[in-house]
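Encoded as structure tokens, the structure appears first; notes follow it.
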Amino acid sequence: MKTLFKNANLINELGDVLTNQDLLVVDGKIAEIGENLCCDDAETIDCTDRFITPGFASMHNHSPMNIFKGIAEDVHIDDWFNKELWPYESKMQDEDIYWGAKLACAEMINNGITAFADHYFKGHLIAQACQETGIKGDIAWTIFGFGGDCSEELALATKFCEDYKNDALVNPRMGPHSPYMCSPEVLKEVIDKAKELGVGIHLHISETKAQVDASKELHGGKTPFDVVNEAGGFSLPCIVGHGLWVEENDLKYLNDDVVFAVSPKTYTKLGMGDGGLWKYRKQINIAAGNDGSASSNSIDVLEQIRMFALLGKWYDNAEDFTLKEMWQYLMAGHKYLNFNSGKLAVGYAADLNIFDLNTVSTAPVYNPLAAIIYSAVPSVNITDVMIDGKFVKRNGKLAFDEKEIITNASACAKEIYARGRGVTKLYF
Ligand SMILES: [Zn+2]
């Protein structure tokens, strides 16, 4: 299978623009980039005035929670967890997880996300949604272990890691929920198992000030980062969900294999405050995240990074938080995923977005990065999305039946609302 994109403008992972380039895709990979390329047996697509970029990576999601979009609004974060989401989740069925995840996959592709890192139970249902829509998923099976025993979930997560270890579209991880929902012993047990299996971990750390204060009280002055470090969490590849309240002393634990996935829409919406994330960001590996639609209401990393820049400029300095830096946050996640993606370079996976910036929202285009970061509507301006050389969105239309997904997800939502809130064992 060959596709030749002609006369395109390329935006690479650093935000550099190369004009009038041809890009040849062969068997799912970028085979050649240059001027005046020819390939007789390729499908040839004229990309004059279009911009081809690597796809976006979204590094912290709870994709099945798309099914809860809009169910708990205008509440304090404590009530959001304890009185809304956890009680609803306690009655969740497999079909809610599957259709929620599939709806999320469809939305992500529509918004130009070609790979995402997920954190939820029943990873095999999310993996199925990935296979059926064509998106790449790095899926961490969530494990709670506050009561001290996690053996049942750990066995399921282990089986999931073994089942998907060599899958092309799905990369498995261990997902201990957080230091506040796992005891230090459980954290260590899960991290040891991840090391044994040769997979990374993905967990929430220091999302709120209350979590940091509670950790210090419970663990003799230790922050959540201290607790994760003691359990060995930074000695293997680690995706940190949020890290909004990171402290200066926590920075010593960070290394090239640790990335923070940031979701400012969630932070502002749930009133989570202004922790150290913005202040220390130049010492942290940052990538775009999302947190799922129960808190963010959309899976749109462009919106998240736009908010990150705007809040940063507002708090701090309008000359900082530059376009290129924000663009690199949208691309950064690929480095921490196992998909050979995120670069416009020969040999990399052909996971690509094509932008049409000749629209009322984005024209005139003095600077394509400004048009994308501050003006674009990704579902509109990203007309085509390719993953492993296959179009999953073509000429503005998804390559699968989106109506079926919407109908089934809406039916699940009705049932969820009718079943109501259950009694949850979880509390924070
Ligand atoms: Zn989260």
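The values are calculated or read from the model by the stated rules, or taken from the named source; none is laboratory data. What you are looking at is a predicted structure, and each value in this text was computed from that prediction instead of being measured. Note that each Cβ is placed from the backbone with ideal geometry, even for glycine, and that neighbours are counted across all protein chains shown.
Descriptive notes on the structure:
- Applying the condition of being modelled with pLDDT under 95 and within 16 Å of the ligand (Cβ to nearest atom) to segment 180-206 and asking which residue is surrounded by the most Cβ atoms within 10 Å (Cβ to Cβ) yields Cys182.
- Residue in segment 235-247 that is surrounded by fewer than 18 Cβ atoms within 10 Å (Cβ to Cβ), within 16 Å of the ligand (Cβ to nearest atom) and touching a residue at least 12 places away in the same chain (Cβ under 8 Å) present: no
- Here Gly221 does not qualify as of a type outside the set (Lys, Arg), in contact (Cβ under 8 Å) with a residue 12 or more places away in the chain and closer than 30 Å to Asp274 by Cβ.
- Of the residues screened, Asn36 is one that is of a type in the set (S, T, N, Q) and assigned to a loop (DSSP other than H, G, I, E, B).
- Residues in segment 46-77 that are farther than 23 Å from Phe260 by Cβ, of a type outside the set (A, V, I, L, M, F, W, C) and within 16 Å of the ligand (Cβ to nearest atom): Lys69 only.
- Filter result (surrounded by fewer than 21 Cβ atoms within 10 Å (Cβ to Cβ) and within 18 Å of Lys390 (Cα to Cα)) within segment 7-25: Asp22
- When residues of segment 289-348 are limited to those that are within 16 Å of the ligand (Cβ to nearest atom) and over 30 Å from Ile30 (Cβ atoms), the one surrounded by the fewest Cβ atoms within 10 Å (Cβ to Cβ): Asn297
- Single match in Tyr267, Tyr280, Tyr253 (criterion: under 23 Å from Ile373 (Cβ atoms), assigned by TED's automatic domain parsing to the domain that holds Pro179 and away from the ligand (no atom under 15 Å from the Cβ)): Tyr280
- Just one of the listed residues (Glu404, Glu415) is within 30 Å of Glu132 (Cα to Cα), in a helix (DSSP H, G or I) and free of Cβ contacts under 8 Å to residues at least 12 places away in the same chain, namely Glu404.
Here is a yes/no grid of residues against (1) more than 20 Å from Phe5 (Cα to Cα); (2) at pLDDT below 95; (3) crowded, with 16+ Cβ neighbours inside 10 Å; (4) not assigned by TED's automatic domain parsing to the domain that holds Asp46:
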| position | (1), (2), (3), (4) |
| --- | --- |
| Phe355 | no, no, yes, no |
| Asn367 | yes, no, no, no |
| Ile372 | yes, no, yes, no |
| Ala376 | yes, no, yes, no |
| Lys393 | no, no, yes, no |
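- Residue pairs meeting the criteria (Cβ under 8 Å; at least 6 apart or on separate chains; first over 15 Å from Gly289 (Cα atoms), in segment 54-66; second of a type in the set (Gly, Ala, Ser) and away from the ligand (no atom under 11 Å from the Cβ)): Pro54/Ser341; Pro54/Gly342; Pro64/Gly100; Pro64/Ala101; Pro64/Ala104
- Any hit, segment 71-93, residues being buried (at least 24 other Cβ atoms within 10 Å of the Cβ), more than 19 Å from Leu203 (Cα to Cα) and touching an Asp or Glu at 6+ places or on another chain (Cβ under 6 Å): no
- Number of residues in segment 114-139 that are within 16 Å of the ligand (Cβ to nearest atom) and not in a loop (DSSP other than H, G, I, E, B) equals 10.
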